[in-house]
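The values are calculated or read from the model by the stated rules, or taken from the named source; none is laboratory data. Remember, predicted model here, so these are calculated numbers, not experimental data. Here the Cβ positions follow ideal geometry from the backbone for every residue, glycine too, while neighbour counts run over all protein chains shown. When the accessible area is computed, the model is the full protein with side chains, heavy atoms only, and any ligands, DNA or RNA have been set aside. Shrake-Rupley method; radii C 1.70, N 1.55, O 1.52, S 1.80 Å.
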Amino acid sequence: PAAEVAHTSELTPQATPSSLTFDDHGFSFQYPGDWQTISPQDQTRLLNGSLKGLDASQAHYIGGVYLGGVENCQGCAQIVIVVIDEPAMQGTFSDEQFASARQASQQSMGDRLLEYNRLTVDALPAAESKYIGRSRESQNWDLIIVPPQPGQFYMFSMSASPEDYPLFEAQFQQV
C-alpha cells in the first residue's frame, strides 16, 4: 500500500511561494502557495488511478503537489514526483533504453500519445511524453529523468484537464 512507501527524501514545504526540496536527490522546485502537498491518502488514490500498475515497492518516494484535487477534475492540476529504484538504469539513458521506453509508451497509449522526445534536463538525460490520460479527462506531461546515481530514475508527471492544461502549462514548465 502507498502508506508503506519508504520516504527517504526529506520534504521541506515553506511559505509562499512554497517549494519542495529533495535533499537526498539534490533538486527542488517552487510551486504556488495555494497548492497542497500530496498526503499518504492522496498517494493511495494515485496508485489506484493515474499510477495504477506502478510497483510501489520500487518507489523511493511518491509525492508532489496539487491544486483543487488529485485525479481528474475541472480546474485541478497536479505535479506528481516518483523516485523509482530500477537496477537497469545505470546513471545513463542509452539509445536502447530510450527506444524501449518509447516503444512501450506507443504500444500502451496508442493514439493518446501526442509526443515522445529525448532531451536533457539540467544536463541529465531524460525522455518526455505528452499524452491524453486513459480516462481522456486529463492531459499529461511526463518526464523520466535519469540521475547519475545507478539504479534509480525520477518520474515527474504533470496533469490537468485538457481544457485547463494551458492555464497550468507555465507552472509545469517551471518545474
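Of the residues Asp122, Asp95, which single one is loosely packed, with under 13 Cβ neighbours inside 10 Å, farther than 23 Å from Asp34 by Cβ and modelled with pLDDT under 90?
Of the residues listed, the single one that is loosely packed, with under 13 Cβ neighbours inside 10 Å, farther than 23 Å from Asp34 by Cβ and modelled with pLDDT under 90 is Asp122.
Could you please find all residues in segment 36-47 being over 13 Å from the mean Cα position of the chain (by Cα), more than 15 Å from Ser138 (Cβ to Cβ) and of a type outside the set (Ser, Thr, Tyr)?
Of everything in segment 36-47, those that are over 13 Å from the mean Cα position of the chain (by Cα), more than 15 Å from Ser138 (Cβ to Cβ) and of a type outside the set (Ser, Thr, Tyr) turn out to be Gln36, Pro40, Gln41, Asp42.
Six or more apart or on different chains, Cβ under 7 Å: which pairs go from a residue in segment 66-95 that's under 16 Å from Pro125 (Cβ atoms) to one that's of a type in the set (A, V, I, L, M, F, W, C) and open to solvent by 30 Å² or more (accessible area, probe 1.4 Å)? Could you list them?
Here the result reads Ile84/Phe153; Ile84/Met155; Glu86/Phe153; Met89/Phe153, each pair linking segment 66-95 to a residue that is of a type in the set (A, V, I, L, M, F, W, C) and open to solvent by 30 Å² or more (accessible area, probe 1.4 Å).
Taking segment 126-151 as the search range and keeping residues that are out of contact with any Leu (no Cβ under 8 Å at 6 or more places or on another chain) and either open to solvent by less than 30 Å² (accessible area, probe 1.4 Å) or of a type in the set (Ser, Thr, Tyr) (or both), which one is nearest to Asp55 (Cα to Cα)?
Gly151
Which one of Ile84, Ile62 is under 17 Å from Thr37 (Cα atoms) and open to solvent by less than 40 Å² (accessible area, probe 1.4 Å)?
Every option except Ile62 fails the conditions.
Kindly provide the set of residues from segment 98-113 that are open to solvent by 70 Å² or more (accessible area, probe 1.4 Å), without any contact (Cβ under 8 Å) to a residue 24 or more places away in the chain and in contact with a strand residue (DSSP E or B) (Cβ under 9 Å, 6 or more places away or on another chain), ordered by number.
Gln106, Asp111
Taking segment 152-175 as the search range and keeping residues that are open to solvent by 20 Å² or more (accessible area, probe 1.4 Å) and in contact with a Pro (Cβ under 9 Å, 6 or more places away or on another chain), which one is nearest to Ser28 (Cα to Cα)?
Gln171
Within segment 120-129, can one find any residue that is under 15 Å from the mean Cα position of the chain (by Cα), closer than 26 Å to Gln41 by Cβ and not charged (D, E, K, R)?
No.
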